[in-house]
Amino acid sequence: MSNQIAKLGVGLLLCFLVLFVQLNRVTVFGAQELKDNPTNNRSILRDFDAPRGTIVTADEVVVARSDATPEGARFDFARTYPEGDLFAHTVGYFSLNLGATGVEDTYNAELAGRTLDLTFRNFDDLFVDRDRVGDVRLSLRADAQRQARDQLGERRGSVVAIDPRSGELLALWSWPSFDPNAIATQDFGAANAAYELLQADERDPLLSKAYRERFFPGSTFKIVTAGAGLASESVTAEQPSYPVASEYTPPQTTRPLRNFGGSTCGGSLFDILRVSCNTAFAQMAIDLGPAQMVETAEAFGFNAAPPIDLPAPARSVFPTDFDQNLPALAQAGIGQNDVSATPLQMAMAAAAVANEGRVMTPRVVAEIVDDDNTVVDDPEPTQWRQAVSAEHADVLRRAMVEVVERGTARNLAIPGFEVGGKTGTAQLGTDPPRSHAWIVGFAGPPGQAPSVAVAVIVEGQPGASEQTGGQVAAPIARAVMETVLASQAGGA
Amino acid sequence: MILLRRRTELGLIVVGSLITAGAYALAGLGRDAEIPANLVGFLGMVLGLLVAAHIAVRRLAPDADGILLPLAALLNGLGYVFIVRLDEAQADGGRLAGLQAMWTAVGIGAFIATLLFVRRSRSLERYRFTFAAIGLGLLLLPLLPVIGRTINGSRIWISIGPANFQPGEAAKIVLAIFFAGYLVERRELLALSTFRLGPLHLPDPKHLGPILVAWGVSLGVMTLQRDLGSSLLFFVLFVVMLWVATGRTTYLTLGGTLFLAGAAFAYSQFSHVRDRVEIWLDPWPVADGAGYQIVEASFALADGGIAGTGIALGTPTRIPEVETDFIFAAIGEELGLIGATAVLCAFLLMVGAGLRIALRAESAFDTLLASGLTTLLGVQTFIIIGGITRTLPLTGVTLPFVSYGGSSLVMNYVLLALLLRISDNSVAARSPARAGA
C-alpha cells in the first residue's frame, strides 16, 4: 500500500498546488480586473469611510472637505461642499450610492491618499496615528467663478476663463448648477430624491454645459476660418480684399448667403473680422476648400475630446464630409451648418491665438499637496495642439484686438489692457428669432502675452442681430477678465 | 525519542498560541487601535486548552506524532480570531465567537476522550459492521421528523433541545473506519479480477456488494439532503480507499467514470447542481443574486492582494456565510496571499504528517484508516478552498478547524486523535521496551 500512499501524497500535493496557483491569480494577477469590475463597490465604500483630502481654489477658498462625523454615525467622515453650487460642475460630488463626478472622480486616488507619492510617504508614518491624504489645489479661482455666476445671473449659459500660457482654467461656470451637498448627503433616501429631481429637470442642471455640451459657435468660429486662411498662405493681413457685398452665393446653389440685416461689407482680413462679415468668410471657406478648413479646425482642437482632467468632456465638431457640398462648407466657414463647439473649445481657440498658436492641455487642478503642504504632484503645462504658427497667431491676435477697439466687441474693452475678442450670434432659426449670444476674447497688460482668455455663451437670447453677442455676452466676459487681471496684478 | 516528540509538540503549541494571541492583538488594533484588554487572559485560555490536550497525549499516546496537534491548534486559533473579528463587525455580534470557544473546548474534550477510549486503533477493526450501521444511522438522522432540520436548503441538521448538530460530520469518520476494516479483510479478493464488464476487469460482485451498498446509500442520502460537498467528499474517500487497499487503478478509472456519469446526471436532473456549475463558470450575470457570495469572495481576495488589508481592516462581512464556509475568503482579504498560503501550508503539513503515519502504521487496517482520515482532511480543504477561489464549483463544506461549526470542529478533533493513536501504536509496536507493556 506504500506505493499508493506515495501517489496519494503526490495527488494531494498537486491539488494544493492548483489552489496556490489559483489563489495567486485571484489575489494578485487578476486582482486589478476584479477591482475594476463595475459591480465591485468595495473601494468606493472604503474611500467613503476614510479621511479624504480637501479641495481648495487657487485663491485659498475651501470648496470640498471631509469632516469627522459625530460619535455613533454610520460613517466616520462626511463630505461637504461649503461653496454649494459654485463648483458643482468642476469639483463634482462624492457619494456612496451615486458615485463620484468632477475632480472628486478624476483625482479620487490622490484625495484618498492612494497614489504612489502619498503611499511611499505613508511608510514613514506607519506608527504615527495619522492618515495621509492628498489635498487638491485647483487652478480655478473662487473670485473669478463668483464673478461669472453673478454676471451671468439666472440666464442659461456658460463662462470659461483660461490662462492661455498654461492651459489652467480660472473659471468654469454654467447656469443652472446644483448643490452637491444634496447629493453627497449620507441620508441616501434624500440623496436619491434630490438626484432624481435634478435628473427630471429639463434644463439638466447636473450637466456642465461649459465643457460637456456643444452649441453652434456662430461668428466666433470666424477666428478658425481666418486661421485656416492664414495657414494656407493665401490670406494675409492685407490680401486678398474681399468684395464689398450684401450677399454671397456659393457654388452649386442659387440660394445666397446674406449678411446680418442685409448690410454690406468686405475688404481685408482685419476689415471683415472687425464687422464679422459673413459673405467674406463664406467666400474664404470656399476658396480654401474642405481639406484646409478641416485641418485647421482640428488643429484648434475640433473633432477630438480635449484632454482635460475632468470626466467625459464633449468633443467639438467640425464636419469632415463636405465632399462636394460647397454650400454647407460656406455655412461652416461662418460657424453654422453642422459646426458645434463647447464653450471650453472656444475659450481654448481664443487662448491659442493669445499664446502664439499653442493650444495648451486644459486643466482644472494646479497641484496636489500632502498634509504637510509639501507639493507631491505639480504637473507641468503641456501643449496639446498647434492651432496656427506663431506668426499667423500674431496676425489673428492683432485682428481680434481691432475687433475690440473698433469693431463689434467694443464692450469687451478694459482700460489699461490690451484686449482682443470676437462676438458671435448663433441664430437658432426660431420664430420669434432667438440666438445664442457668444463672445470669446483675451486680455493682458499691453506689450505682454495675454494672461487670460474667455468664452461666454448666453443661450437662447431674443433677437438675431450681430450686436447681440457684443451686448449680452461681452459685459460678462469683461467682468470676469477684470477680476482675473486684478488678482494676477495683486498676486504678482 | 518519546520526550523529543512531546517537547517538540509543546514548543510548537506555545509558538502556535503566541501566533494566535498576536493575531488577536492585531484584530484589536485594527478594530479600535487598542490592544485588547483581555489579551493575557485570551492567551491563557488558548494555552490552557492546548496544554490539557498535550498532557493527555503525553499520558495516553506518548509516542504519537508531534506536529499534528500544534498545526490543528494554530488553524483553530486563527479561525477563532477571525470568528471573533467577524462577529464584532456583525449587527448581532458576539454570538458565534462564544459558541466556537465552547465547541473548541468540547473538541479538545472529544480529542482526549478518543485517546482515552481507543487505546489500540486495531480494536476498531473488530466493530466494522457496527460502525457501518452507526454511520448510516447518523446519515439518516436528519431525515427523521421532529429532530431533523433543514438549514439553508440542506437537510443535514438535527436539533436536540437548544443544540444543532450535523451528524454527517461524524458519519464521515465512522464510515471511514468501516471502509478500512472491510477493505483490509477483503483486499486480496477485491484485487483479483474474476468478472469482466466490458473493458473492465472487476472482482467478484459479491465481495464488492456490501461496500457498494454502503456507498450508494450514503450518496443517495446525501443527495436527498442536498449536501453536495459531503457527497463529493464521501465519493472521493470511497474511491481513494478502495484504490489504496487494492492498488488497482481500475478503481480510479471506474470511480472517475462513475463520478462523471453521476455529475452529468445531477447536472441534468437537479436545478441546484446546474446553478452551482453555471455560477462557477460565469458568476457575473447573477452577481447580485445567486452569484453574490462567490463574487464578493473574489472581490475580497482581490482586495487582499499579496499582504492583505490587515486583520479587522477589511470588509469581509459583505460575504454571506463568511464565518463558516467562506472563512478562507476573510483570511485571504485580511492576511493576503501570504496568510492564505500559510493556511494552505498548514493543511499540507497535516496531510503530509497523516500520510507519514499511514506509511509507518503497524497494520494494514491502520494504514488504510490513516490514509482515509488524511484524505478526508485534505480533500475537504481542497473542496472548500477550491470553491471559494473558483477552482471548482462551490459546494458548501467547512474548512477543517478554521470555520465556525461545532460538529465539524469536534469531529475533526476526533479525527486528529485517531491519527495520533495510530501513530503512537506504530511506534510502540517497534519499540521493544514498550511492546510488552
Least to most buried among A:Asp271, B:Asp424 (fewest other Cβ within 10 Å first): A:Asp271, B:Asp424
Between the modelled labels at B:Ile55 and B:Val40 (7 Å from Cα along Cα→Cβ) the distance in nm is 2.2
So what's the net charge close to B:Gly291: Lys and Arg +1, Asp and Glu -1, counting the other residues with Cβ under 13 Å from its Cβ? -3
How many angstrom lie between the Cα centre of region A:1-63 and the Cα centre of region B:376-405? 19
Out of the chymotrypsin sites (Phe, Trp or Tyr not before Pro) in region A:268-320, which ones are loop residues according to DSSP with at most 10 other C-beta atoms within 10 Å? none
Neighbour counts of other C-beta atoms within 10 Å: give me A:Leu428, A:Leu326, B:Leu138 arranged from fewest to most. A:Leu428, A:Leu326, B:Leu138
So who's got an amide H within less than 5 Å of the one on B:Trp157, skipping anything under 5 residues away but keeping other chains? H placed 1.01 Å off N, in plane. B:Arg149, B:Ile151
Name the lysines eligible as straight-distance cross-link partners of A:Lys222: C-alpha to C-alpha under 28 Å, and not fewer than 8 places from it in the same chain. A:Lys209, A:Lys422
Hey, can you grab everything whose amide H is under 5 Å from the amide H of A:Ser139? Only 5+ residues off in sequence or another chain; H modelled, so Pro and N-termini drop out. A:Val365, A:Ala366
How do B:57-70, B:404-417 rank on mean C-beta neighbours within 10 Å, highest first? B:404-417, B:57-70
Between beta-carbons, use under 14 Å as the cut-off and find the net charge around B:Ile156, counting Lys and Arg +1, Asp and Glu -1. +1
Given the rule -39500 (n - 2.57) for each run of at least 4 DSSP H residues, summed and divided by the residues of chain A, what is its mean residue ellipticity at 222 nm, to the nearest 500 deg cm²/dmol? -11000 deg cm²/dmol
Picking from B:Gly22, B:Pro62, B:Leu43, whose Cα lies most toward the positive end of the charge dipole for region B:1-86 (charges on Cβ: Lys, Arg +1; Asp, Glu -1)? B:Pro62
Peptide B:382-395: average number of partner chain Cβ atoms within 10 Å per residue? 3
To make sure I understand, if each residue's beta carbon is the centre and we count other beta carbons within 10 Å, what order do B:Leu197, B:Leu192, B:Leu368 fall in, fewest to most? B:Leu197, B:Leu192, B:Leu368
Three-way shape call for region B:230-335 based on the alpha-carbon gyration tensor, with the a/c threshold at 1.5: oblate
Whole angstrom only: what separates the Cα centroid of region A:172-243 from the Cα centroid of region B:39-108? 66
Under the 7 Å Cα-to-Cβ spin-label approximation, B:Met102 and B:Ser193 lie apart by a distance in nanometres of 5.5
Please report, in debye to the nearest 20, how large the charge dipole of chain B is about its Cα centre when each Lys and Arg carries +1 at its beta carbon and each Asp and Glu carries -1 there. 1780
Taking C-beta distances below 4.7 angstrom as the pairing criterion, name the unpartnered cysteines of the protein assembly as shown, in sequence order. A:Cys15, B:Cys345
Under the rule of at least 5 residues apart or a separate chain, name every residue whose amide H is placed under 5 Å from the amide H of B:Gly66. none
Could you work out the mean count of beta carbons from other protein chains within 10 Å of each residue's beta carbon in B:342-353? 2
Need one word for the protein assembly as shown: rounded, prolate or oblate. Basis is the Cα gyration tensor (sqrt eigenvalues a ≥ b ≥ c); a/c below 1.5 gives rounded, then a/b vs b/c decides. prolate
Taking a ≥ b ≥ c as the square roots of the Cα gyration tensor eigenvalues, with a/c under 1.5 meaning rounded and otherwise prolate when a/b beats b/c, else oblate, which class fits region B:2-435? oblate
First measure r as the distance between the Cβ atoms of B:Val146 and A:Leu14, then evaluate 1/(1 + (r/R0)^6) with R0 = 35 Å and state the FRET efficiency to the nearest 0.05. 0.20
Check each of the trypsin sites (Lys or Arg not before Pro) in region B:73-173 and keep only those in coil by DSSP with at most 14 other C-beta atoms within 10 angstrom; list them in order. B:Arg119
Taking only Cα atoms, what is the 0 to 90° angle, nearest 10, from helix A:222-231's long axis to the longest principal axis of chain A? 80
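Values quoted throughout were computed directly from the atomic coordinates according to the rules given, and no laboratory measurement underlies them. Nothing here was measured: the structure is a model prediction, and the numbers come from that model. FYI the Cβ positions are ideal-geometry reconstructions off the backbone, even for glycines, and counts take in every protein chain you see.
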